[in-house]
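Following: one structure in structure tokens, then a few remarks.
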Amino acid sequence: MKMTKLCVLALAAVFMLSTVALAGTLQDVRAKGFIQAGVNGGVFGFSMPDKKGVWKGLDVDTARAIAAAVFGDASKVKYVALTAVQRLPALQSGEIDVLCRNTTQTLTRDTVNGLNFAHVNFYDGQGFLVPKKLGVKSAKELDGATVCVLPGTTTELNAADFFRSHGMKWKPVVIENTSELNKAFFAGRCDVLTSDSSQLAAQRSVSPNPANYVLLPEIISKEPLAPVVRHGDDQWYDVVNWTVMALIQAEELGITSKNVDQMLKSKDPRIKRFLGVTPGLGKALGLDNKWAYNIVKQVGNYGEIFDRNVGPKTKLGLQRGLNALWTKGGLMYAAPFR
Amino acid sequence: MADTTTEKIPFWLDPKKRAILFQIGVFCLVALLAYYLVSNTLTNLKRQHIATGWGFLHKESAFEIGESMIPYSSANTYARALLVGALNTVKVSFIGIVLSVFFGTLIGVARLSSNWLVSKLAGIFIEVMQDIPVLLQLFFWYAIFYETFPSPRQALHPMAGLYLCNRGVAMAFLSPHPAHKYMLLAFLAALVLSYAVYRWARQRQARKGLPFPVFWTSLALIIGLPLAVWLAFGAPMQMDVPKLVGFNFKGGISFSPEFIALLLGLVLYTSAFVAEVVRAGIQSVGKGQTEAAKAIGLKQGQILNLVILPQALRVIIPPLTSQMLNLTKNSSLAVAIGFPDFVSVANTTINQTGQSIEGVALIMAVYLIFSLSTSVFMNWYNKRAALVER
Amino acid sequence: MAGDATSIAAADTLKPPSTRKGVVGWVRANLFNGVFNSILTLVTLWMLYKLVPPLVRWAFIDSAWHTGGAACHKVSGACWSVVTQNFRFIIFGFFPYDMQWRPLVAMLILFALLFFSQNRKYWNRFLLYAWIAGLFAMGLLMKGGLFGLAPVDSTQWGGLPLTLLLSVFGLTAAYPLGVILALGRQSQMSGLRTLCILYIELIRGVPLISLLFMASIIFPLFLPEGVTINKILRAQVAIILFTAAYIAEVVRGGLQGMARGQYEAAESLGLNYYLTMRLIILPQALKIVIPPTVSILISAFKDTSLVAIIALFDLLKTSQSVLSNPEWMGFSPEVYVFIAVIYFLGCFSMSNYSRKLERELSTEEY
């Protein structure tokens, strides 16, 4: 008897904790009242918990922007920390609604793995970081080097390709945990750390002695990092895609979280449409007309997010580079909001 | 109730039939559950366009592996990459088991020592090592290794031919020479000969009651034969000393920090358990046994060999085997510190191919093979031990 | 022996030689009895002398306790600041900062229950109710949503409460399953027996990490489209399935230890299988296996650290997360030592208790 009751209780608990979702993701997200976002467990500046256990970073802010667009409340996000091997299954199985985990857009992932990549929120490329005292000037001098690299990433394959195509030997040190890997490099476990160059710059700037390390000039790959959603849910894809574009558009229009309230009174028809003063765009996406206003008000525009998390004034001290607006020589370019 | 025949008992009251029905029910439930899961999986795989099958094993892996016992490059197949991983698991498990048994026995004996200090320290060691998760120990030793040791150019050089740095340990080793092959053959021959001598001595003792110094003869054979071969080849003493070439040490033999951290963590953790097993085994042999052996005039060595060890080993071997198996299974934690064992390579494979089901199935299959072969050995041993019993 | 009477009388009157008593006597008897032991003692003392003072210096004298990360890099000893400054994140993980009293209270309830449960005087119906109420209260405190407690999603559980949750719930749920498996393995029905043996040997033959991989990346594929189960729960299920196989083996040991007469006596009373097990066999068998069950609890407690590999923020993962903050990079030994102390305290008290219980139970039999 007791056993039966226990079983029933256990089953009930399982059902309470399992969620059934069959309608479109947007409806599901609305129904449950929050977005589940898959993030990296610990990359400083992109997604990492702070001292109080609050998630911070560029990828985290992207997820918050989506929540602001859907709910008008950027805090309605639940973060699921994922390892590299877990990220795709987690999205495919519906455990998370969107993956904001510095994931490179590739043809295979877009097709064979059944995913859709939204607008890129960070342009990157793979580089090499070496200690200055090695005296290496080019990646082509790295024959015989020990290289720290994250396993199971495009980075690992790119590195293997690079060394193979130049007929060089190398010894990989692969640790699946980003922070463990970086620690190993700065402690001297490897001669070279290879990763997305923004990460390398970031890691260098926070290392005990930044001046002791140099980035080699070679960039061996393109790494467009973008939020990812499941294939075949166009409405949700649109929401995520246009949220990222809205961040860029806001910067282009000069709307920031501080001046967004004054901008509501702007005469510029583009701003009026964007902020929902002239209604229409929000409805087309299936969102509130104030969606873009909410994003900018609560999270800021792309420039603000960049500066806050990885920009020159942060510990990472990254320059905008490829991630500057197209008007300033970068690649950040939002399609017209009309 | 003489008139009760089998026909009159309703089938639900007949324990035999009821048992069969019950089992059929259970099997149906299990089969249903399996069917439910498999059909779900198949639909999901189809819906999400996830590739299935073992075709990926023959594709080019395109990733490198840090250390390998067989030639491997990123141009090889996934199958070969996985083989490299399996061999690495075998390597670390084998060395780990040998070291844990050695240190565990030492510590177990120390625990029973009449020296208070040694016994207490052994006790503290056992308690501390058993109570800290092995994964934490791996992280700890790995961090200690690369955070405290210097870079290759400032490598510690405690003795000739030995270098310690954060790239690992490099040691001088005999350079390869044709004599080594013959020395190995001589060693194997000596083992066979020793066994033959042992059999012969036993038979002779049973027939004539004459003892024969088997131990010393075997020792002489095992050391003497390879030595003789070595001398016959002109005693080649060429050492291969590690030298700093480019980025790293070349030559000699070297061990990576991942390997050393993994080995250190596994050996410390397991030897604490082995020590307890050994202690319990030795204590299980009553004091009366020693006294009785003394009374019939056996010598100290004979007491140990003929009375204590056979009884203690019967208690020690079964839990010892399960500790060895635990070590092998714990070696799968290598994935956390980046030693390319089987789990680590399979993990990367899953990541690159997206075929998680095949990957995890492979991991389980490989470990099951290890476990089952150990069980087979255990059953064989138990049978032997049972035969000895009277 | 004939000499007994005289020797006792002599002991009463003659004092032992001075070298046999007091500090000197003790040292002689325990540290310097024989050449080998003397050398051993001296070598050990020398090693301790070389090892302990620098360690004490590192840990206590040259160490920093309440500084920032930058100041810590200038200290030659240990930087305990990395623990003190991030203490609450290491212990509580993502639990909302101003609500962290809730997991704290939940853990205190657990410790109180464990404390009372260790005394066998309190083993009665009331304790069972206290446990049920306690588990409910703990669940409520963690999850919220009732009595004005703000709901906290389980994705925000982390740190020590998660570690305890996984091990305590893991064992509680695995226990009944393990007993059923053990009964199945000992059953007369050959089909059922094969099934149970298959399960037990299969699980015991593979490492826990492979089950965790399965739970975290394959299990979602087993469910119909759209149904998802929370990541923590999936890991919990893997731990339960794993632990149950080990409990089954322990319980089987207890069942095999039962005298044949017990079964026969029950049969002669006309008890059926269920009643025989419930009234006669299991109460005795389960009592025998309490000590080994505690050691399974200890391993379960230690094994939960493996969930760090599948990115659940247990105690080990929260501390690693702190270490990946640039401010605190390079202080791994300090953090790992701190975590090790927590694990050690937990395991040590449990194994001590297990030994005490073993003594009590073994004396009772006579």
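Each reported figure results from applying straightforward, stated rules to the coordinates on display, with no laboratory input. Computed from a prediction, not measured in an experiment: that's the story for all the values here. Glycine gets a Cβ as well: all are built from the backbone with ideal geometry, and neighbour counts include every protein chain shown.
Structural remarks
- Each of C:Leu149 and C:Glu225 was given a label point 7 Å from its Cα along the Cα-to-Cβ line. The distance between the two points is 3.9 nm.
- Amide H contacts of C:Leu31: B:Trp116, each under 5 Å away and 5 or more positions distant or on a separate chain (H built 1.01 Å from N in the peptide plane; Pro and chain starts excluded).
- Two-site label geometry, C:Thr172 and C:His73: point separation in nm, points 7 Å out along Cα→Cβ: 4.6
- In the elastic network of chain B, a GNM with C-alpha springs shorter than 10 Å, the most mobile of B:Leu227, B:Leu325, B:Leu29 is B:Leu29.
- Distribution of pairwise C-alpha distances over chain C, 20 Å bins, in %: 20, 44, 28, 7, 0
- Estimated translational D of region B:176-237 in µm²/s (Stokes, Kirkwood radius over Cα pairs; 4 °C; 1.567 mPa s): 103
- Between region B:97-137 and region C:245-285, the alpha-carbon centres lie 37 Å apart.
- Only the Cβ atoms of Lys and Arg (+1) and of Asp and Glu (-1) were treated as charged; on that basis the dipole of chain B about its Cα centre amounts to roughly 1280 debye.
- 3J(HN,Hα) from dihedral phi, region C:351-360, Karplus parametrisation 6.51/-1.76/1.60, rounded to Hz, x for glycine, proline: 6, 4, 4, 4, 5, 4, 5, 4, 4, 4
- The H on the amide N of A:Phe122, modeled in the peptide plane, is under 5 Å from the matching H of A:Leu225, each at least 5 residues off or on a different chain.
- Förster radius 22 Å - calculated FRET efficiency between C:Gln256 and C:Arg359 (Cβ-Cβ, nearest 0.05): 0.45
- Packing rank of A:244-257, C:97-110, B:122-135, C:272-285, where each peptide gets the mean count of other beta carbons within 10 Å, highest leading: A:244-257, B:122-135, C:97-110, C:272-285
- Loop trypsin sites (Lys or Arg not before Pro), region C:21-95 (other Cβ atoms within 10 Å of the site Cβ: 14 or fewer; DSSP): C:Lys21, C:Lys74
- Based on C-alpha pairs under 8 angstrom that are at least 6 apart in sequence, chain C has a relative contact order of 17 percent.
- Each part reduced to its alpha carbon centroid, region C:323-337 and region A:199-275 end up 31 Å apart.
- Members of A:Lys76/C:Lys143; A:Lys133/A:Lys183; A:Lys32/A:Lys52; A:Lys51/A:Lys78 lying beyond 20 Å, as alpha-carbon distances in this model show: A:Lys32/A:Lys52
- Helical content of chain B, expressed as a calculated mean residue ellipticity at 222 nm, amounts to -22500 deg cm²/dmol (DSSP H runs of 4 or more residues, -39,500 (n - 2.57) each, divided by residue number, nearest 500).
- Net +/- balance of residues flanking B:Arg80 in space, Cβ distance below 13 Å, scoring K and R +1, D and E -1: -1
- Other residues whose C-beta falls under 13 angstrom from the C-beta of A:Ser207 contribute a net charge of +3, scoring Lys and Arg +1 and Asp and Glu -1.
- Within region A:300-338: backbone nitrogen closer than 20 Å to the A:Asp234 label point (7 Å, Cα to C-beta): A:335-338
- Cα-based Rg and Dmax for chain B, where Dmax is the largest Cα-Cα distance (Å): 28.1, 97
- Point-to-point label distance, B:Leu21-B:Leu313, nm (Cα→Cβ direction, 7 Å offset): 5.4
- Calculated mean residue ellipticity, 222 nm, chain A: -11500 deg cm²/dmol, from DSSP H runs (n ≥ 4) at -39500 (n - 2.57) each, averaged per residue and rounded to 500.
- Take the Cβ atoms of B:Thr52 and A:Thr108, set R0 to 22 Å, and the FRET efficiency comes out at 0.90.
- For the pair C:Phe116 and C:Ala137, a Förster radius of 22 Å applied to the C-beta separation gives a FRET efficiency near 0.90, rounded to the nearest 0.05.
- Whole-number percent relative contact order across chain A, with pairs defined as alpha carbons under 8 Å at least 6 apart: 21
- Counting only lysines at least 8 places from B:Lys329 when in the same chain, those with an alpha carbon closer than 21 Å to its own are B:Lys91, C:Lys302.
- Histogram of C-alpha separations across the protein assembly as shown, 20 Å bin width, %: 10, 37, 35, 15, 3, 0
- Alpha-carbon centroid distance for the pair region B:255-320 / region C:142-192, whole angstrom: 38
- Eligible aspartates and glutamates near A:Lys137 by straight Cα distance, threshold 16 Å, same-chain separation 8 or greater: A:Asp191, A:Glu218
- Total formal charge among the other residues, if their Cβ is under 11 angstrom from that of C:Gly346, Lys/Arg +1 and Asp/Glu -1: 0
- The alpha carbon gyration tensor of region C:158-364 gives principal lengths a ≥ b ≥ c with a/c of 1.5 or higher and a/b no greater than b/c, which makes the shape oblate.
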